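The values are calculated or read from the model by the stated rules, or taken from the named source; none is laboratory data. Quick caveat, the model's predicted, so the values are computed rather than measured. Methodologically, a virtual Cβ is constructed for each residue, glycine included, from the backbone with ideal geometry; neighbour enumeration extends over all protein chains shown. Protein only, heavy atoms only, side chains kept; ligands, DNA and RNA dropped before computing areas. Shrake-Rupley method; radii C 1.70, N 1.55, O 1.52, S 1.80 Å.
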Amino acid sequence: MRSHPFPGLHLPSNLILLCGSGSNEGCHLWVHTHQREAMDNGWLVSGFNDHPEQVPVLVYGKGLVLLDNMGGYTLCS
């Protein structure tokens, strides 16, 4: 998950804002109950991957993007 502990845990490329409180409501709940699809869309990252900036994230209205450590993103081609 994007919350797994590693040196870049709090870098912008590892952070996604989801609605809901913890893992028990809203989008946060959906991501935790649909982990395979959430991983396919980049909303969860495997704990074995220490490079979340290399995992495309599906963003509504934008498509797939790569998050950077400045708080921005690059569209995937």
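Structure above, values below:
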quantity	calculated
Filter result (of a type in the set (S, T, N, Q) and under 18 Å from P12 (Cα atoms)) within the stretch 25-77	N41, S46, N49, Q54, N69, T74
Number of positions in the stretch 1-41 that are farther than 24 Å from T74 by Cβ and at pLDDT below 85	5
Selected residue (only one of M39, M70 is open to solvent by 50 Å² or more (accessible area, probe 1.4 Å) and either under 10 Å from the mean Cα position of the chain (by Cα) or in contact (Cβ under 8 Å) with a residue 60 or more places away in the chain (or both))	M39
Filtered residues of the stretch 42-66 (kept if surrounded by fewer than 16 Cβ atoms within 10 Å (Cβ to Cβ) and farther than 17 Å from S77 by Cα)	S46, G47, F48, N49, D50, H51
Qualifying residue in the stretch 6-18 (condition: out of contact with any strand residue (DSSP E or B) (no Cβ under 9 Å at 6 or more places or on another chain), open to solvent by less than 60 Å² (accessible area, probe 1.4 Å) and in a helix (DSSP H, G or I))	no
